[in-house]
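What follows is a short report on a single structure.
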Amino acid sequence: MESNLTPEVLASQPATSTEDYYRLLVNQITDYAIFLLDVTGCVATWNAGAKEIKQYSEEEIIGKHFSVFYTSEAKAEDYPGMELREARANGRFEDEGWRVCKDGTVFWANVIITAIYNSHNDLIGFSKVTRDLSARKKAEDELYLALEELKVSEQRFRLLIEGVTDYAIFMLDPAGNIATWNEGARRMKGYESYEILGKYFSKFYSPEAIEEGFPEYELKEAKRKGRFEDEGWRYRKDGSVFWANTILTAMYNAKNELIGFSKITRDLTEKRKLEQQLFSTNEDLKESEEKTKLLINSVQDYAIIMLNPDGVILSWNTGAERIKGYTASEIIGRHFSIFYGQDAIQSGFPQFELNKAIENGHFEDEGWRKRKDGTAFWANVVISPIYNSHNRLLGYAKVTRDLTERRRNEELTQKNKELIRINNELDNFVYAASHDLKSPIVNLEGLLTALQEDMGPQKEAHEEVLTMMSDSIVTLKKVIADLADIIKLQQDKERPVCVDLAELVVEVKANMRELISSSKAEITLQLQGFDSLKYSRKNLRSILFNLLSNAIKYADPKRAPKVSVSTSIAATGDYVISVADNGLGIANHQVDKIFSMFKRAHDHVEGSGIGLYLVKKILSNSGDKINVTSEEGRGSVFTVTFRKEDQQS
């Protein structure tokens, strides 16, 4: 004869110490709706997860038929009845589909219904486990969700746990001996309860894992961290293996004394990928309030705090102290607007955030916030209202992330884009100037020549002015030629060749013969490190020509210019050419400017301000670099560094 799982029958059953473990275990579960149905399909028990997912309170739903959770189409097809028949015929029934909440909204659910029999093999009801798969709440919201205590008898907990067949759910005592055993554990691992109770849980591990002390390590880690999760091979009674996800959670009483461990095992052998996704995105068990507090306090990358309904700070974690600078004793009890600037406070923005959080279920924002020392940081803020079981506002969870570094990188990226734009515009200008000014210069030369011819005898009286005009035209032609060289450089694809440095210096000196002679300059060559270089010969000649001519042009008028060209190998293996002079030297504030176009350190010396810019451009295009050290009145040393990779290839 069948006995039905009515609330009255369940309440009359005596309690046992084993059922105390079941109560502790189930009381932590809020992500699953776990409840019992009697043989007719009427709801007999109700847990906090069921209330969370389906919205019914215990008083509203106990005694009602579970078809209330189904769509009208499903009820018309008697789909709920079919589920019970399948569960009774096959022992269990699993399904995914749309289910209906109290307010009429629907959610996509995974449902497992298991038939429950008494010791006489009489059907006494069904266990029903439902998981809401339609959406995931944000981790910040879940940290503060209050755990609802189950208000059902201890007998219901025993039947509920024993009815679950897809999970091995059992308790260990503090030493690791098995204290409880459910139907899911029996089916998964193959042991009857009388065979396994009191045995050490290492029976499920390989000899290698036992020899390494892995079971003891799990207990130690669960005790140290509050929980331990692992995936690996486990052994059944018959010696076969299965791939298991296991969660071991330390359990404490009200005096914070360790009373044992809960252990949940899931067989992932056949549906490994699917179950891995399920377990990786959601923690199966919620820790106690104290464990949650410890967890939050260990987070350092997020400021996670609790506000009361008025916005006053109630809790403070390590991440909040690190990000905002306040200790818990300094900040708890103060209004959270302390983190905002005066403009935000005067505009009522902190209160606006709280109002929006209530209106929309949460509020997210990015903006400047203020630390204790007055410095500002760019923050991502998420505020979520927290309600109790009676829908009364308890306060707000506020999670803050310091994104200052990310914003700084974004700003640098934007500045780099702007620099690239400016550089492109400058290149366009150089191109236009080098081409469009040639014709006017030719016209000026022709007009000056015609003017000199027309002046006749008067030419001698204006010879000085005419010479100055002619010299200016020559200088302008040189500037345009230098600009043209820049354009050619950008288009230059000349392949590197092995250049003899002594030969190239002789060639450059020959081209500068008049300048060297007039200045009485002395140029020496010391090829100590290397005597040849793999590079574009034309570009290397341009580099040496500009460096040597600048060294002579910017000579100290009190002494004859002495210029030394030397080679060396750097400690990094790079090839280095140094050009040292005894000239005027460069002021510290000018050093960073001399490689810019039209920038010169000494305006009294004739020049276009393009030579060093051209040198820098050549070297940047080839991936090499130039540096300068200088002392006013003593001279300068220009150091050109060529990558060793290009020389050794």
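What the table below lists for this structure:
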{"read-out": "Enumerated helices (runs of 4 or more DSSP H) restricted to the stretch 143-253, each holding at least 2 residues that are among the aliphatic types (A, V, I, L, M) and at pLDDT 90 or above", "value": "207-211, 214-225"}
{"read-out": "Hits in the stretch 608-632 (condition: in a loop (DSSP other than H, G, I, E, B), at pLDDT 85 or above and over 14 Å from Tyr535 (Cβ atoms))", "value": "Glu632"}
{"read-out": "Members of the stretch 363-379 found to be in contact with a Ser or Thr (Cβ under 8 Å, 6 or more places away or on another chain) and of a type in the set (Lys, Arg), listed by number", "value": "Arg369"}
{"read-out": "In the stretch 375-398, residue farthest from Tyr326 (Cα to Cα) [restricted to those that are more than 22 Å from the chain's Cα centre (by Cα) and open to solvent by 50 Å² or more (accessible area, probe 1.4 Å)]", "value": "His390"}
{"read-out": "Flag for Ala179 being of a type in the set (Gly, Ala, Ser), open to solvent by less than 60 Å² (accessible area, probe 1.4 Å) and touching a residue at least 40 places away in the same chain (Cβ under 8 Å)", "value": "yes"}
{"read-out": "Verdict on Ile323 being open to solvent by 10 Å² or more (accessible area, probe 1.4 Å) and not acidic (Asp, Glu)", "value": "no"}
{"read-out": "Residue that is farthest from the chain's Cα centre (by Cα) [pool: residues in the stretch 29-71 that are of a type in the set (Gly, Ala, Ser) and over 16 Å from Ile116 (Cβ atoms)]", "value": "Gly63"}
{"read-out": "Answer residue from the stretch 554-590, given it is charged (D, E, K, R) and in contact (Cβ under 8 Å) with a residue 24 or more places away in the chain and is nearest to Ser517 (Cα to Cα) among those", "value": "Lys562"}
{"read-out": "Gly367 farther than 15 Å from Leu307 by Cβ and either outside any strand (DSSP E or B) or touching a residue at least 60 places away in the same chain (Cβ under 8 Å) (or both)", "value": "no"}
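The values are calculated or read from the model by the stated rules, or taken from the named source; none is laboratory data. Predicted model, so just to flag it, every value in this text is computed and none were measured. Every residue, glycine as well, gets a Cβ built from its backbone with ideal geometry; the counts of neighbours run over all protein chains shown. What goes into the accessible areas is simple: the full protein's heavy atoms, side chains included, and nothing from ligands, DNA or RNA. Shrake-Rupley method; radii C 1.70, N 1.55, O 1.52, S 1.80 Å.
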